Amino acid sequence: MKQYLQNKWVEIDVDVVKGNLEAIKTLLEERTRLVAVLKADAYGHGAVNIARLLFQQGVDFFAVSFLGEAMEIRKGGIRASILVFSPMVDEDQVKEAIKNKLTLTIASLYDSQLIDEVSRRLNQKVSVHLKVETGLGRFGMNGEELISVCNSLKENPNIYIEGIYTHMAEAAASDASYTEGQFSSFMEIIQSLSAAGFRIPVKHCANSAVFLKYPHMHLDAVRIGTLLSGQYPAGSFSQTLSLADPFKFKSQIIALRNRKAGTYLGYYRSYRMKNPAQIAVIPVGYNDGLALEVANKPEGFIDLLKKLVKMVLFYFDSPRYSLYIKIKGRAYPLRGKIFMQMALIEIPLNVGVSVGDEVEIPLRKTLIAKNISRIYLRDGAAVKIEDEDGTSYVVEGV
Ligand SMILES: *Cc1c(COP(=O)(O)O)cnc(C)c1O
């Protein structure tokens, strides 16, 4: 078992993933397709196995950010559609994508020319989705560019314009006006394309937040990532689906010692023990994403204050804002500065623990390295997940 080489692994409950899919389907209209977004290794859950699992449940359209992510899923035996959100940068990438029947995004005139050329040269068909820029400032074209792309691509019989989409900037925010504005721009552009004779079958603009808050924006497809992983997007939502988190990061105590009050723990003597206690070492540190937060600049003064308050609560060990590690269902605090690959836990003297005991650690799923085994469980037992042909794969680490 691979996890015994690492003393850390991830457990994913496949029935919980299925339950999340079922919960999402309750809000899905007949005409709307579900595109399962499996970027960032399916938000840390393992893209290939989650794709297989969802395919078994009837999901037949996937999306990722990058070519490499799409190739990994394709090589994992998934023949369903895979849309790549970000543009290909050169001919080699387009070639690889077309050969592997990936669905490509055209977000600029450059993308359009590149795909046009390569598909002619290979004489192979390719499905594309046009990306419309409506206010995120990332990828996409304006109305004029879209018309010109549609006009030039209609000469190329190898290119099938299957879809058109945009991406919302602040759908989780309480103020709907910016999102509604983006939606109106998107619909206007679709109207003007249609007036020019270009009717594109699959129109989509909804991520998880849009899906929950704006049913009229579901259109022909919704692109769902966060909800499938059992979480709500940041923000407040009136819709309450019955979602659950399928994901647990686990490790083991690798060393244990009783320490006296006054003992210093960690680099720079970062913690001084107040009481005698047991100190357990776990093989998990900031290299695994422990205690790391995304370092965005505060968005204005209120946000700055919120961040400061959190830091102060963290400083005073307030339970909601401190890191606690669970052992046998009870939570214990981390002590001292977190090491690159290790951390220390303080456990009272009267608690029976020993080396090898399992610990559960709250980590940001998307930061956990891909070489950490993902183990898929049903009713607590490891399962194999089949690909489209029914080939059963031995899941890594089992
Ligand atoms: C990540 C992403 C999604 C999915 O967003 P969630 O909020 O995780 O559901 C949809 N569309 C695009 C373009 C994305 O980058």
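The values are calculated or read from the model by the stated rules, or taken from the named source; none is laboratory data. This is a predicted model, so every value here is computed, not measured. Don't worry about glycine lacking a Cβ; one is built from the backbone with ideal geometry, like all the others, and counts go over all protein chains shown.
Quick rundown of the values:
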quantity	calculated
Which listed residue, of Glu170, Glu188, Glu155, is assigned by TED's automatic domain parsing to the domain that holds Gly135, within 16 Å of the ligand (Cβ to nearest atom) and of a type in the set (Asp, Glu)	Glu170
Residue match in region 48-62 (condition: assigned to a loop (DSSP other than H, G, I, E, B), among the polar types (S, T, N, Q) and within 12 Å of the ligand (Cβ to nearest atom))	no
Positions within region 189-205 being out of contact with any Ser or Thr (no Cβ under 9 Å at 6 or more places or on another chain) and in a helix (DSSP H, G or I), in sequence order	Ile190, Gln191, Ser192, Leu193, Ser194, Ala195
Unique match (being in contact with a Gly (Cβ under 9 Å, 6 or more places away or on another chain) and farther than 25 Å from Pro246 by Cα) among Val132, Val48, Val118	Val132
Yes/no for Glu69 being assigned to a helix (DSSP H, G or I) and either touching a strand residue (DSSP E or B) at 6+ places or on another chain (Cβ under 9 Å) or under 17 Å from Tyr232 (Cα atoms) (or both)	yes
Test: residue in region 372-395 that is under 30 Å from Tyr271 (Cα atoms) and at pLDDT below 95	yes
Members of region 206-241 found to be within 10 Å of the ligand (Cβ to nearest atom), part of a loop (DSSP other than H, G, I, E, B), farther than 19 Å from Tyr178 by Cβ and at pLDDT 95 or above, listed by number	Gly225
Candidate set: region 372-382, residues that are in contact (Cβ under 8 Å) with a residue 60 or more places away in the chain and exposed (fewer than 14 other Cβ atoms within 10 Å of the Cβ); chosen: the one farthest from the chain's Cα centre (by Cα)	Asp379
Any hit, region 1-18, residues being under 22 Å from Tyr214 (Cβ atoms) and in a helix (DSSP H, G or I)	no
Among residues of region 27-44, those that are within 8 Å of the chain's Cα centre (by Cα) and over 23 Å from Lys370 (Cβ atoms), counted	0
Search result, residues across region 19-46 that are polar (S, T, N, Q) and either under 18 Å from Arg378 (Cα atoms) or assigned to a strand (DSSP E or B) (or both)	Asn20
Boolean, Glu346 is closer than 24 Å to Asp245 by Cα, not assigned by TED's automatic domain parsing to the domain that holds Ala47 and not in a helix (DSSP H, G or I)	no
Search result, residues across region 28-44 that are β-branched (Val, Ile, Thr) and within 13 Å of the ligand (Cβ to nearest atom)	Val35, Val37
